[in-house]
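Trainee: Handing you a structure now.
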Amino acid sequence: MANRVALVTGGSRGIGRVICVELAKKGYDIVTCYSRGAEAAEETMSLCREYGVEAVALCADVSRQNDVTVLFSEIKERFGGVDVLVNNAGITKDNLILRMSEEDFDDVISINLKGAFLCSKEAAKQMLRKKSGRIINISSVVGIGGNAGQANYASSKAGMIGLAKSLAKELGGKGITVNVVAPGFIQTDMTAELSEDMKKYWEQQIPRKRAGSPEDVANAVCFLAASESDYITGQVLAVDGGMSM
Ligand code: NDP
């Protein structure tokens, strides 16, 4: 039997890379897309191939309709369609509201939220034909509770929750589940920019008293992608060491 196929957007590094590898370990063929990091994305694919699966990295900016259309037609041609979509690609452009430019607001919404919309729409077309599928949005605890200095990012991540719940209602009857993983403070390039004082402050606020790892997030994604999770849809699973309680 052919392997199931997972598309993880933004798999060149960080959480996306580890999600690719953990899904590969479970026997999924992997497709990822990146907008800049071709070499890094290829490294991720080599790590996946160590588990005997097919793994392909394609250049596609998730905020551009044309790139997303081409990405999904390549998946259809090579693999016959996608079974699991993980909307992971994301950026931050933090600033307090009075200093936040319109461009920085638009960029973050375009990549994080519109990207998830465009990919979910194309994935849904392919999943509807198979009458099964899994869509998993990587949101953030910031999308639940907000965060000073992240009005654009928090809006995009809250939007990803609304998007997932709406799609869960639209697609549930067709065998497709749609859920959200909301990571807390996870050690990646995105959080490496924070000062040591800020990192210590956040770690103190977390009941588990440690930052999360990309593996912590990937384990939750693998759980939601599995056939055993078929009766779970429209849910938000916080992977945050208790931070958002
Ligand atoms: P990184 O910055 O380490 O990686 C982001 C990934 O997204 C890269 O692979 C990048 O690839 C890709 N990407 C960025 N823009 C685009 C685009 N336009 N099209 C396609 N791919 C793109 O982030 P993390 O691994 O830390 O975060 C992954 C996800 O988890 C994000 O959605 C983030 O918001 C979320 N998250 C992270 C948390 C954390 O603490 N780290 C906490 C909560 C949520 P390239 O640069 O090659 O284009």
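Trainee: Can you give the angle from 0 to 90° between the axis of helix 14-25 and the longest principal axis of the chain, with both taken from C-alpha atoms, to the nearest 10?
Mentor: Between the helix axis and the principal axis of the chain, the angle is about 30 degrees.
Trainee: So for Y201, Y153, what's the accessible-area order with a 1.4 Å probe, most first?
Mentor: My answer, sorted largest first, is Y201, Y153.
Trainee: Can you give the three extents of the C-alpha atoms in the range 27-117 along their principal axes, from longest to shortest, in whole Å?
Mentor: Taking the Cα atoms of the range 27-117, the three principal extents are 51, 24, 19 Å.
Trainee: Moving to a separate point now. When you count, for each residue, the other Cβ atoms within 10 Å and take the mean per peptide, how do 42-53, 83-94 rank with the highest first?
Mentor: The densest-packed peptide leads the list: 83-94, 42-53.
Trainee: Here is a further query. Work out from phi, with θ = phi - 60° and the Karplus expression 6.51 cos²θ - 1.76 cosθ + 1.60, the ³J(HN,Hα) of each residue of the range 187-198, listed in order in whole Hz, and give x for Gly and Pro.
Mentor: Ordered by residue, 3J(HN,Hα) equals 6, 8, 4, 4, 9, 4, 5, 6, 5, 4, 4, 5 Hz.
Trainee: If you average 1/r across every pair of different Cα atoms in the chain and take the reciprocal, what Kirkwood value do you get, in Å?
Mentor: This gives a value of 17.9 Å.
Trainee: Same structure, new question: How would you rank 179-190, 162-173, highest first, on the average number of other Cβ atoms within 10 Å across their residues?
Mentor: The packing order, highest mean first, is 179-190, 162-173.
Trainee: Can I ask one more? Roughly how many percent of the accessible protein surface of the chain is carbon and sulfur, given a 1.4 Å probe and a whole-percent answer?
Mentor: That fraction is 51 percent.
Trainee: So how do 100-106, 239-245 stack up, highest first, on mean other-Cβ count within 10 Å?
Mentor: Descending mean neighbour count gives 239-245, 100-106.
The values are calculated or read from the model by the stated rules, or taken from the named source; none is laboratory data. Keep in mind it's a predicted model, so treat the numbers as computed, not measured. All Cβ positions, even for glycine, are placed from backbone atoms using ideal geometry, and neighbour counts span all protein chains on display. With ligands, DNA and RNA removed, areas are computed over all heavy atoms of the protein, side chains included. Shrake-Rupley method; radii C 1.70, N 1.55, O 1.52, S 1.80 Å.
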